[in-house]
1. Order of 70-76, 52-58, 209-215 by packing, highest average Cβ count within 10 Å first?
2. Work out the length of the dipole vector of the stretch 33-107 about its Cα centre, built from +1 on the beta-carbon of each Lys and Arg and -1 on the beta-carbon of each Asp and Glu, and round it to the nearest 20 debye.
3. Got a sec? Charge dipole of the stretch 1-182, +1 on Cβ for Lys and Arg, -1 for Asp and Glu; which of P37, S149, A62 is way out at the positive end?
4. Exposure proxy check: Y203, Y65, Y98 ranked by fewest other beta carbons within 10 Å?
5. Give me the extension gain from F46 to V161: residue separation times 0.36 nm, minus the current Cα-Cα distance, reported in nm with one decimal.
6. About the Cα centre, and with charges only on the beta carbon of Lys, Arg (+1) and Asp, Glu (-1), how big is the dipole of the stretch 184-288? Nearest 20 debye, please.
7. Quick check: residue separation of V273 and M132 times 0.36 nm, minus the Cα distance between them. What number comes out in nm?
8. Indicate the gyration tensor shape class of the stretch 1-182 (rounded, prolate or oblate), computed on the Cα atoms with a ≥ b ≥ c the square roots of the eigenvalues: a/c under 1.5 is rounded; otherwise a/b larger than b/c is prolate and the rest oblate.
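What follows is calculated from the coordinates using simple rules that are stated; it is not laboratory data. Since we're looking at a predicted model, the values are computed, not measured. Cβ sites come from the backbone with ideal geometry, for glycine too, and all protein chains shown count toward neighbours.
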Amino acid sequence: MTTANVLAHTDPKEERERTQRPLDLRLMLRLWTYTRPYALKRNLLFAIVIIRAVQGVVVAAAIGYIIKGPITEAKQTGRIGGVLVAAAAFGLWVLLTYVVMYFRTKLAADLGERVIHDLRMDLFTRMQRMTMSYYDRTKVGRIISRFTSDAEAVRVGIQNVVFVSLVNGATMVFAAALMAYLDWMLFLVVAVLAPILWAINYYFRQRISHASRVVQESFSRVTANLAETVSGIRVTQGFVRQGVNDRRLASASAGCRDAHRHADDIFFPRQPVLRADHLAGHAIQPRVDGDGGRRAGVQRAGPRAGVR
């Protein structure tokens, strides 16, 4: 079964079960095949991901080096020439990181738009070949949501989630390697915090993933209700069913509102918890870091790396 067939298929009996299923890796791999026609752009993005990861580690390490080297020397000798040169070099490097980030974002956005265009065309072609029984048992809004909210989720996944995750993952690997080389004790401290960070993310990811699916489903019901009301407006007005449609839309809209509130209640506590884990790392760090600049800079590029 092709990717378009999988996305087009809707079985009402399986709807509730699918909200409980984990992410389908096979379907994700099928979606990834849509990047094959744009292999050059995709591979260039992978190369930029590696560059971005290295740049993030170098920026963090450079801060510590400048503090320990030129700034310390300037305090001792009173000469600021080295500080000015280091600051200029650091500024140029940071500017280069923003240039690379610009092209990463631009290429990822372009790749996502091309993929979503091809996917929608395949979906539309498949929809035109579906049987009449399919349209008889499938709501119009459900079909429309395949081209709107579901397609938007695929776009976000390609443009942001995949490449941002790769950048952050590669940054952590490079930072961990450099940290282990400079100070193995500091590396072990951060390594101890890593499982805690993973457990926090795992706990919230399970709940946020389910809540996001409920939000997607509730928005789909609102879309379905609105589409069916507009398409059947003659029947609605002919049989004076405005009140019934008002109640149906109010119910669907209230469900969408409650789903968003529930998702927010799950998502918002995540940041303070992660922040507490980060502060715990900084509380432990001074006890093991007797080289107060360079290694501290490398630690900032560790588990909480947020390079994009």
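1. Values: 70-76: 14.4, 52-58: 21.9, 209-215: 17.0.
Packing proxy ranking, top to bottom: 52-58, 209-215, 70-76.
2. Values: 9 positive and 1 negative charges, 69 e Å.
Using only the charged Cβ atoms, the result is roughly 340 debye.
3. So the residue we want is P37.
4. On the way: Y203 12, Y65 18, Y98 9.
The most exposed by this proxy come first: Y98, Y203, Y65.
5. Values: separation 115, 0.36 × 115 = 41.40 nm, distance 1.35 nm.
Contour length minus Cα-Cα distance gives 40.1 nm.
6. 120
7. Working: separation 141, 0.36 × 141 = 50.76 nm, distance 5.12 nm.
Computed gain between V273 and M132 is 45.6 nm.
8. On the way: a/c = 4.01, a/b = 3.09, b/c = 1.30.
Since a/c reaches 1.5 and a/b is larger than b/c, the shape of the stretch 1-182 is classed as prolate.
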